[in-house]
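Right, one structure below, let's go through it.
Every number here is computed from the coordinates shown, using simple stated rules; none is lab data. If you're wondering where the values come from, they're calculated on a predicted model, not measured in any experiment. As a convention, Cβ positions derive from the backbone with ideal geometry for all residues, glycine included, and neighbour counts pool all protein chains shown.
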Amino acid sequence: MTEQTASILIEPDYGTPRVEGEPTAHVTIDGLEIDVAPGTSVMRAAKEAGVDIPKLCATDRLDAFGSCRMCLVEVDGVRGTPASCTTPCTDGMVVHTDSDDVKALRRNVMEMYLSDHPADCAGCARGDCEIQDLAHRVGAAEVRYGLDGANHLHDATDATNPYFAYDPSACIVCSRCVRACNEIQGTFALTVEGRGFDSRITPGGTDFMSSECVSCGACVQACPTSSLTEKSVIELGMPSRTVITTCAYCGVGCSFKAEVQGSGDATRVVRMVPWKDGAANEGHSCVKGRFAYGYASHRDRQLHPMVRDTIDDPWQVVSWEEAITRIATGFRAIQDTYGVGSIGGIASSRCTDEEVYVVQKMVRAAFNNNNIDTCARVCHSPTGYGLNQTFGTSAGTQDFASVDHTDVMLLIGANPTDAHPVFASRMKRRLRAGARIIVADPRRIDLVRSPHVEASHHLPVRPGTNVAFINAMAHTIVTEGLHDEAFLRDRCEDVEAYLSFIARPENSPEETEAETGVPAADLREAARLYAAGPNSAIYYGLGVTEHSQGSTMVMGLANLAMLTGNIGREGVGVNPLRGQNNVQGSCDMGSFPHEFPGYRHVGIDEVRGIYESLWGVTIPAQPGLRIPNMFDSAVAGSFRGLFVHGEDIVQSDPNTQHVEAALRAMDLVVVHDLFLNETSRFATVFLPGTSFLEKDGTFINAERRINRVRPIMPSKVGKDEWQVVCEIATAMGYPMSYANAAEIMDEIAATTPTFAGVSFARLDAEGSMQWPVNDAAPHGTPTMHVEHFVRGRGRLMPTVYVPTTEATTRRFPLVLTTGRILTQYNVGAQTRRTDNSRWHPADVLEIHPSDAELRGIHTGDIVELSSRVGTTSLPALVSDRMPPGVVYTTFHHPITGANVVTTENSDWATNCPEYKVTAVQVRVANAEAARAHQEADAVTLGSGS
């Protein structure tokens, strides 16, 4: 889908749309009669009547402001000329939008604006300056005010931000940028200083790079002049065409208009503009999706297949045919020697559904086993297990818009402002409107306290004790009679057994306080708040799942929602915040060793028969190896070959030494990726991949939304990734081919009930949909479990608290927990190759002042971080965001290799690693170690990787 680039004018959308059957206000606008909902703004009513009122401060993303005075109108019986954007319609109102007096007023107002705007505006020359278009429209051809030099026409440009420039001389102080920062993003980084012609927009009295600005781009998008402009536009000029696609970063799944120049191999991306019709983001963005797409053309990108005989040999560029032959021959030889189950594959959560589907199909049909897994194993596999056990399906229950109806949010083990920033902005808007939030997290994240947002409760749960915490919440609700008896009776099973379990004294806040570190009184107050709602929603992340009891905790959250009846309607639910762009889709597509697409077990004869009949093969009824099992079997000598698709398992998986030992023990490791990474050090075949700018397919976000990904440019490597996988399968003796990605989705729909109504044609024509999409829900399912659960009745599960075996000792007295930061993404392969590294050039270890003082550590010191399995070094940051006894770091930089110290402990049900609890010691690094770290860091930064 392509479209010509439209004007940057943003259409206003104030007021409430009329609902059939509700009272109406009869309004006459310039002689045109229209019925609207009472309270609709005059501007909105005029738009519905086909009358376009000039405006400057009005946009469809900002609250009505009425400051620009361009949208003035006359209303019979009303003195003066009110602003149409802030004037509500009343029955019988007669409005004149284009009288001589109104036109004269608009011209005078526009002259004042033009006096504050340079005649030689670069944006006007490019055709992207809204004020010149508006001046022409209202007939302001000249400026009568000689104010040159008395205002800011000669102020210097602030170019400190790597992605956009702020030219004060072009600014008319309309405040749209300030309002966008406040109302949409919620950062409150911009303000207006001074009065009249001395007024200025300022990022907190400093430059943009030094300010609180998070570079989301909302201010740039809102600016009606060229005062705030993308540097890419300044360098390249205006785009010539637009392609709508989906961001390839986090699980929010933002839609963007990729605005480009040229075609074919000469295509250049000018800018990525958040699409206001994108259902997940509604025109908002973050610094990653908006600006950090340059990695797709980074010099480190590999564009040709490469092979080598051993991992100590240099890489040799070869043809696609030679590389694929090497893979097929090698895998067949391994199976001939060690058996059919001696090879396997790992699918990617960053690739499209269609690419993931063909990878799992290759493993099952060409490898003849179920040894397929995905990176969801190490992040949200407990979500799949826990929600399937309780609700009957392995996904969140709501859409993102549901939060607009939430009264109380329970946020646990997630940091949305860093990991899911666009949804975090929506959460903050709801909180500013009066909703309340309970934050359960050992770290004081931004949502505990940020501008105009303060949590009702911050419960610093000690890492590893989540289940004790959630049991205490449920215990309070049950023993104080706050549970929804009618909902439990009508919708749930195993109720009495669960109520008896949770009411036990050992689950009380008083008994669990010593374990969780949360004062009993605080926990009881939070539980009462959640139970009172009336609409209470749970949002959680990897701080829930990446524990030895991750699956138990997910079931505990589901129990809490069912106990209080907070399921099956808007504003409630259990909502996992997925980390990667297609981690939901990779799970949906059957990339677990025990499940086909749609979460159907491989042991079910009827389901297995669907694929055996279609694919013409016999598929084992037994689940294959999980990722940890692959590693263990490799070290033991029975697993010898691995296809790794779009994942850097050496950097992302726990206990790095064990992962490396497993890869060294294999005969053939194939890496299919954009860049040579830590895993490719152990590969003998490297296949170049495609960026999201080259992909055709779909991603599925955290709300089960199926979004189209459309190619902006041809594949830089000559093949699509699904095509490469098909050619490997074919070379191994299983013919596999498709004409295009749409055919793959057609096969998914034909074999997977939850996708039965999905096709590229429908998605292109109707927009994104949330699965299930089938005869029962032809347009998708925004809210799950409305009248009944997928499994019929919800299942309340006893959640016995079992303390982690990863206990602190005298040798390792601190607990390490990990997370993400706003400007970087996952293992950093993409974001480290953009200017995002200006904000986060290295992972740092946050340590509480008391722990730092005890060890003689100061901010900036290189410290040694060690556990029972490994040691690494990184800079320290002394901070009270962590409680005493707990340290925190991110895992975005391979030089740090945080997973060198994480252990083999994992979730009891899914083997999801216990990243969030590692017993460690921290000490100032010796001079040699510090020097080695700094030298390695300099090499990494110098290479741009």
Packing-based exposure ordering (other Cβ within 10 Å, fewest first) of 810, 301, 881: 810, 881, 301
Can you tell me the Rg and the Dmax, both Å, for the Cα atoms in the range 503-562? 12.5, 33
Using the Cβ atoms and a cut-off under 14 Å, what net charge is assigned to the surroundings of residue 709, where Lys and Arg are +1 and Asp and Glu are -1? -2
Taking a 25 Å limit on the Cα-Cα distance, which of the listed pairs 695/916; 55/288; 361/719 fall beyond it? 695/916; 55/288
Residues meeting the amide H criterion for residue 639 (H placed from the backbone, H to H distance under 5 Å, 5 or more places apart or on another chain) are 634
Relative intensity, log₁₀ I(q)/I(0), of the range 27-166 from a Debye sum that treats every alpha carbon as a point, q = 0.15, 0.16 Å⁻¹: -0.82, -0.89
Extreme residue, positive dipole direction of the chain, given options 910, 641, 779 (C-beta unit charges): 641
Picking from 618, 732, 77, whose Cα lies most toward the positive end of the charge dipole for the chain (charges on Cβ: Lys, Arg +1; Asp, Glu -1)? 732
Collect residues whose amide H, placed 1.01 Å from N in the peptide plane, falls under 5 Å from the amide H of residue 595; neighbours closer than 5 in sequence don't count. 602
If you take all C-alpha pairs in the range 584-710, what percent of them are over 21 Å apart? 54 percent
Helix-only mean residue ellipticity at 222 nm for the chain, each DSSP H run of n ≥ 4 adding -39500 (n - 2.57), per residue, nearest 500: -8000 deg cm²/dmol
What fraction of the Cα pairs in the range 178-335, stated in percent, has a spacing above 20 angstrom? 64 percent
Starting from the range 148-230, pick out the trypsin sites (Lys or Arg not before Pro) whose DSSP state is loop and whose Cβ has at most 14 other Cβ atoms within 10 Å. 195
Binned at 5 Å starting from 0, the alpha-carbon pair-distance distribution of the range 409-498 in whole percents comes out as 3, 12, 19, 18, 14, 15, 12, 6, 1
Hey, what's the Cα Rg ratio for the range 814-943 versus the globular rule of thumb, 2.2 N^0.38 Å? 1.03
For all pairs of alpha-carbon atoms in the range 378-449, what percent lies in each bin of width 5 Å, listed from the first bin to the last filled one? 4, 14, 21, 23, 20, 13, 5, 0
Quick one: which residues, 5+ away or cross-chain, put their amide H under 5 Å from the amide H of residue 873? H built at 1.01 Å from N. 865
Within the chain: Cβ-based charge dipole about Cα centre, in debye rounded to nearest 20 (Lys, Arg +1; Asp, Glu -1): 900 debye
Order of 428, 103 from fewest to most other C-beta atoms within 10 Å? 103, 428
For the chain, what value does the Rg/Rh ratio take when both radii are computed over Cα atoms and Rh is the Kirkwood radius, given to two decimals? 0.98
Using the Kirkwood radius over Cα pairs of the range 274-433, the Stokes-Einstein translational diffusion coefficient at 4 °C and 1.567 mPa s, in µm²/s and rounded to a whole number, is 64 µm²/s
Only four residue types carry charge here, +1 at the Cβ of Lys and Arg and -1 at the Cβ of Asp and Glu. Report the dipole size of the range 236-297 about the Cα centre in Debye, rounded to the nearest 20. 120 debye
So, over other residues within a Cβ distance under 13 Å of residue 472, counting Lys, Arg +1 and Asp, Glu -1, the net charge is -4
Taking Cα atoms only, helix 550-563 is inclined relative to the longest principal axis of the chain by an angle, in degrees rounded to 10, of 50 degrees
Once the mean 1/r over all distinct Cα pairs of the range 744-863 is inverted, what Kirkwood radius in angstroms do you read off? 20.6 Å
Equivalent-ellipsoid semi-axes of the range 122-235, from the Cα gyration tensor, Å, largest first: 23, 16, 14
Quick one: angle between helix 100-115 and the longest Cα principal axis of the chain, in degrees between 0 and 90, rounded to 10, please. 60 degrees
Treating only the Cβ of Lys, Arg, Asp and Glu as charged (+1, +1, -1, -1), what charge dipole size does the range 478-532 show about its Cα centre? Round to the nearest 20 debye. 140 debye
If you look at just the Cα atoms of the range 446-556, how large are its Rg and its Dmax in Å? 14.4, 45
To test your reading of the geometry: what angle, between 0 and 90 degrees and rounded to tens, separates the Cα axis of helix 741-751 from the longest principal axis of the chain? 60 degrees
Residue-ordered couplings for the range 455-467, obtained by feeding phi - 60° into the Karplus form 6.51 cos²θ - 1.76 cosθ + 1.60 and rounding to whole Hz (Gly and Pro as x), are 5, 5, 9, 10, 10, x, 5, 5, x, x, 10, 4, 5
Counting all Cα-Cα pairs in the range 542-615, those more than 22 Å apart amount in percent to 44 percent
Over all directions, the range 642-775 yields a Cα convex hull whose mean projected area in nm² is 10.0 nm²
The range 188-254: radius of gyration over Cα atoms, expressed as a fraction of 2.2 N^0.38 Å: 1.41
In vacuum, with every alpha carbon of the range 381-576 counted as one equal point scatterer, what does the Debye formula give for log10 I(q)/I(0) at q = 0.10 Å⁻¹? Two decimals, please. -0.35
Along the positive direction of the dipole of the chain (beta-carbon charges: Lys, Arg +1; Asp, Glu -1; about the Cα centre), which of 926, 402, 534 reaches farthest? 926
Can you give me the Kirkwood hydrodynamic radius for the range 236-297, using every pair of distinct Cα atoms, in Å to one decimal? 11.9 Å
